[in-house]
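Enquirer: Just dropping this structure here.
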Amino acid sequence: MRRIALFWLVLLLGVIPFGVVTLASASSAKMTNAEPDRLPPYQPRFGRTRPVVAIVGENYYTELTDYVVPYGILMASGAADVIPLSTKPGPIRMFPAPMNVEPKETTAQFDHRVPEGADYVIVPAVHRDRDPTLVSWVAEQAKKGATIVGVCDGVWVVARAGLLDGRRATGHWYSMGDLRTNFPRTNWVEGKRYVSAGKVVTTTGVTATIPVSFALVEAIAGRDRANELAESLGRQSWSSEIPSAKFHLGWSSMMTIAGNYLSFWSHEDFGIPVTPGVDEIALVLQADVYSTTFRSTAYTVAQSLDPIQTKRGLMIVPDRVARIDAPSRMLPPPDSTQPLRALDESLKAIADEFGKRTAAWVALQMQYPGD
């Protein structure tokens, strides 16, 4: 929501950045450090044998991949108790794919049940990053000793909670200018997909949820377990490094935005069939890619609107019912074999369907440097 709104603000105002670089042609940027960032090893607290990881969403709109991918990877690791939360009762409405996720409990219920707090708190991008309930809860969890992980534009919530003063941090490529202006006491870093600064971790765009989740698994369960898990889920590497110079809004992207938006008559709805046990990682990557093109939207389709439990225990509410209001075009069911491969496979399918420029535009929004 934030990304799309900012992109369109730029387009409508006619602001064209200089030094056009496209995803296809950009050369590698100089990295800030040669070694990937390592998160500090988990230090057990309160007699716990496993860390408690809370993923908190804001009910109005929360970024789908930011919320679900860390949940799926950490649950797959078997190394932590992962609790999906919301700020208020009821489902969380996600974006850019219109999907509803039912959290396990609210932040208030979590506080009542776990008064000592979480060990890790993951904060996705949300539409209302000034939400007082969310900002104050994140700040309070930090006071209780939790490591706060702001993914993508979740960094705005972390910054508003007062946790980035004097620290190194990073954020989505489009937000970096505004972040520097609004939070000048933070040392904003380029060239890293995630940055660890004590008990605060921040990341770049949407797809940085993948490497930072493996970094969390490493911190909790060790390097070998993280590498083994990455391979089993379909990701051969999870370095923190990224060529930042590849990511900015150039002429090619501007023309793609305009062309796709003006082709509104050919906008297509794609259905993703979901059944109990669906792989939530593959599902949300597929849905996010197809819903970020400005040419298409992906909807979950099931036999009813009853909540469905995913492979790793998350509850989702389907968007549409088969044979009643299902989209005319259906995508293959999410493949759970190596679910992270859904990102590359979906981008390839978008390139075949709408052209390579649209696929590059999606990768640009998701700040994805490629496999």
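Enquirer: Just wondering, is there one or more residues in region 116-137 that are in contact with a helix residue (DSSP H, G or I) (Cβ under 8 Å, 6 or more places away or on another chain), surrounded by 24 or more Cβ atoms within 10 Å (Cβ to Cβ), in a helix (DSSP H, G or I) and of a type in the set (Val, Ile, Thr)?
Expert: No; the residues of region 116-137 include none that is in contact with a helix residue (DSSP H, G or I) (Cβ under 8 Å, 6 or more places away or on another chain), surrounded by 24 or more Cβ atoms within 10 Å (Cβ to Cβ), in a helix (DSSP H, G or I) and of a type in the set (Val, Ile, Thr).
Enquirer: Which residue is nearest to the chain's Cα centre (by Cα), if the candidates are limited to region 321-340 and must be crowded, with 17+ Cβ neighbours inside 10 Å and more than 13 Å from residue 278 (Cβ to Cβ)?
Expert: 340
Enquirer: Among (1) in a loop (DSSP other than H, G, I, E, B); (2) closer than 20 Å to residue 205 by Cβ, where does residue 332 come up short?
Expert: (2)
Enquirer: Would you be able to tell me the number of residues in region 240-255 that are in a loop (DSSP other than H, G, I, E, B) and either modelled with pLDDT under 85 or not polar (S, T, N, Q) (or both)? Break it down stepwise before answering.
Expert: Keep residues of region 240-255 that are in a loop (DSSP other than H, G, I, E, B), which gives 240, 242-243, 247-250.
When the remaining residues are screened for being either modelled with pLDDT under 85 or not polar (S, T, N, Q) (or both), the result is 242-243, 247-250.
Going through region 240-255 one residue at a time, the tally reaches 6.
Enquirer: Being of a type in the set (Lys, Arg) and farther than 21 Å from residue 246 by Cα is the filter here; which residues of region 175-216 pass it? First the steps, then the outcome.
Expert: Our first condition is that a residue be of a type in the set (Lys, Arg); within region 175-216, this holds for 180, 185, 192-193, 199.
Within region 175-216, 185, 199 meet the criteria.
Enquirer: Listed residues 188, 156; which is on the phi < 0 side of the Ramachandran plot and buried (at least 24 other Cβ atoms within 10 Å of the Cβ)?
Expert: Numbers: 188 fails: buried (at least 24 other Cβ atoms within 10 Å of the Cβ).
Going through 188, 156 in turn, the sole match is 156.
Enquirer: Inspect all residues belonging to region 67-78 and state whether any of them is at negative phi, over 20 Å from the mean Cα position of the chain (by Cα), touching a residue at least 24 places away in the same chain (Cβ under 8 Å) and surrounded by 16 or more Cβ atoms within 10 Å (Cβ to Cβ). Walk me through it before giving the result.
Expert: Initial filter on region 67-78 (at negative phi): 67-77.
Restricting the remaining residues to those that are over 20 Å from the mean Cα position of the chain (by Cα) gives none.
No, there is no match, as no residue in region 67-78 is at negative phi, over 20 Å from the mean Cα position of the chain (by Cα), touching a residue at least 24 places away in the same chain (Cβ under 8 Å) and surrounded by 16 or more Cβ atoms within 10 Å (Cβ to Cβ).
Enquirer: Across region 180-198, what is the total count of residues that are more than 16 Å from residue 153 (Cβ to Cβ) and in contact with a helix residue (DSSP H, G or I) (Cβ under 7 Å, 6 or more places away or on another chain)?
Expert: Number satisfying all stated conditions: 2.
Enquirer: Residue by residue through region 150-178, note down the ones that are outside any loop (DSSP other than H, G, I, E, B), within 19 Å of residue 132 (Cα to Cα) and touching a strand residue (DSSP E or B) at 6+ places or on another chain (Cβ under 6 Å). Don't jump to the end; show me each part of the working.
Expert: Restricting attention to region 150-178, the residues satisfying the condition of being outside any loop (DSSP other than H, G, I, E, B) are 150, 152-160, 168-169, 173-178.
Within this subset, residues satisfying the condition of being within 19 Å of residue 132 (Cα to Cα) are 150, 153-160.
Answer for region 150-178, where residues must be outside any loop (DSSP other than H, G, I, E, B), within 19 Å of residue 132 (Cα to Cα) and touching a strand residue (DSSP E or B) at 6+ places or on another chain (Cβ under 6 Å): 150, 154, 155, 157, 158.
Enquirer: Does any residue in region 206-226 that is assigned by TED's automatic domain parsing to the domain that holds residue 151 come within less than 7 Å, Cβ to Cβ, of a residue that is among the basic types (Lys, Arg) and in a helix (DSSP H, G or I) six or more places away or on a different chain, and which pairs are these?
Expert: 217/225
Enquirer: Are any of the residues in region 111-119 touching a Leu at 6+ places or on another chain (Cβ under 7 Å) and either assigned by TED's automatic domain parsing to the domain that holds residue 313 or over 16 Å from residue 161 (Cα atoms) (or both)? Quick ask: steps written out before the conclusion?
Expert: First pass over region 111-119, keeping only residues touching a Leu at 6+ places or on another chain (Cβ under 7 Å): none.
No, there is no match, as no residue in region 111-119 is touching a Leu at 6+ places or on another chain (Cβ under 7 Å) and either assigned by TED's automatic domain parsing to the domain that holds residue 313 or over 16 Å from residue 161 (Cα atoms) (or both).
Enquirer: Among the listed residues 212, 195, 201, 217, identify the single one that is in a helix (DSSP H, G or I) and under 14 Å from residue 150 (Cα atoms). Let's see the steps before the verdict.
Expert: Numbers: 195 fails: in a helix (DSSP H, G or I); 201 fails: in a helix (DSSP H, G or I); 217 fails: under 14 Å from residue 150 (Cα atoms).
On inspection, the qualifying residue turns out to be 212.
The values are calculated or read from the model by the stated rules, or taken from the named source; none is laboratory data. Computed from a predicted model, the values in this text were never measured in an experiment. FYI the Cβ positions are ideal-geometry reconstructions off the backbone, even for glycines, and counts take in every protein chain you see.
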